[in-house]
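Q: Just dropping this structure here.
The values are calculated or read from the model by the stated rules, or taken from the named source; none is laboratory data. All of these numbers come straight from a predicted model, not from anything done at the bench. Note that we place each Cβ from the backbone using ideal geometry, even for glycine, and neighbour counts take in every protein chain shown.
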Amino acid sequence: MENRHLKTVEKNPSPNTPIPDEELMLAFQKGDVHAFNELLKRHQGGIYNFLVRFLGNSENAEEAFQEVFVRVIKASESYSPQAKFSTWVYTIARNYCIDLSRKGKFRKVLSLDDKTGDKDSARVEDRLMDEKADPQSYVLAKNMNFYLEKFLNVLNADQKEVFLLRERQGLPFEEIAQIVGTSVNTVKSRMRYALLFLQDEFKKIGITKPK
């Protein structure tokens, strides 16, 4: 009896274990609004940051953010748990950005005043510049984000979206490949060329990659 009881307890999930996104989406399909609110809470920051980087500024991103989640709601009935929720929602966001870009609705210029709440941008800077370089380079490094956004605005569109999904949103290459509809090798290649392009641009202004 004691052994059976122990096994039952082990099978019960911990009350602190978060409900997977996919289960929340299925619950929303059945009318659970609280499930959708939880999904929104989990992903609104990442989606918003992606939109800011892709479209150019926070004002454009706020408008697009509303439309993306309207599309998420409209498409919710067609969602299948075979697809990871984050892959599905970023695909919707990416496709909407592409639609806007084709229409030329938003001008892709990022303001220095935009606050995106991006906590992991240091990963990019560490890979592209050397803080131990000469004093002039160190001063330039203080404006790293400004230069990075400037260079991203002229980066090849395919490479840019891979760079943003990888470096800004922290998505694995396999998931990015599903979002953009290509192979993992192609995604890795685009990421490599994006980094090479950015490194070259930073080198031109005196910021070099650490040896």
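Table: residues versus (1) assigned to a helix (DSSP H, G or I); (2) closer than 17 Å to GLN178 by Cα; (3) modelled with pLDDT of 90 or more; (4) in the same structural domain as GLN169 (by TED's automatic domain parsing).
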| site | (1), (2), (3), (4) |
| --- | --- |
| PHE36 | yes, no, yes, no |
| VAL52 | yes, no, no, no |
| VAL72 | yes, no, yes, no |
| TRP88 | yes, yes, yes, no |
| ILE92 | yes, yes, yes, no |
| TYR96 | yes, yes, yes, no |
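Q: Any residue that is more than 23 Å from HIS43 (Cα to Cα) and touching a helix residue (DSSP H, G or I) at 6+ places or on another chain (Cβ under 8 Å) - is there at least one of those in the range 170-184?
A: Scanning the range 170-184 turns up at least one residue that is more than 23 Å from HIS43 (Cα to Cα) and touching a helix residue (DSSP H, G or I) at 6+ places or on another chain (Cβ under 8 Å).
Q: Answer with yes or no whether GLU161 is closer than 16 Å to ALA194 by Cα, under 18 Å from the mean Cα position of the chain (by Cα), modelled with pLDDT under 90 and crowded, with 18+ Cβ neighbours inside 10 Å.
A: When the stated conditions are applied, GLU161 does not pass them.
Q: Let me ask something else about it. Might you let me know whether the range 6-20 holds any residue that is modelled with pLDDT of 90 or more, in a helix (DSSP H, G or I), outside the structural domain of PHE173 (by TED's automatic domain parsing) and polar (S, T, N, Q)?
A: The answer is no, given that none of the residues of the range 6-20 is modelled with pLDDT of 90 or more, in a helix (DSSP H, G or I), outside the structural domain of PHE173 (by TED's automatic domain parsing) and polar (S, T, N, Q).
Q: Which residue, of TYR48, TYR79, is among the aromatic types (Phe, Trp, Tyr), modelled with pLDDT under 95, within 19 Å of VAL180 (Cα to Cα) and more than 18 Å from the chain's Cα centre (by Cα)? Please lay out each step first, then the result.
A: Details: TYR48 fails: more than 18 Å from the chain's Cα centre (by Cα).
After applying the criteria, what remains is TYR79.
Q: Out of LEU24, LEU55, I need the residue that is under 16 Å from SER86 (Cα atoms) and either in contact with a Leu (Cβ under 8 Å, 6 or more places away or on another chain) or loosely packed, with under 14 Cβ neighbours inside 10 Å (or both). Which one?
A: LEU24
Q: Right, something else. Going by the structure shown, is LEU140 hydrophobic (A, V, I, L, M, F, W, C), at pLDDT below 85 and part of a helix (DSSP H, G or I)?
A: Answer is yes for this residue.
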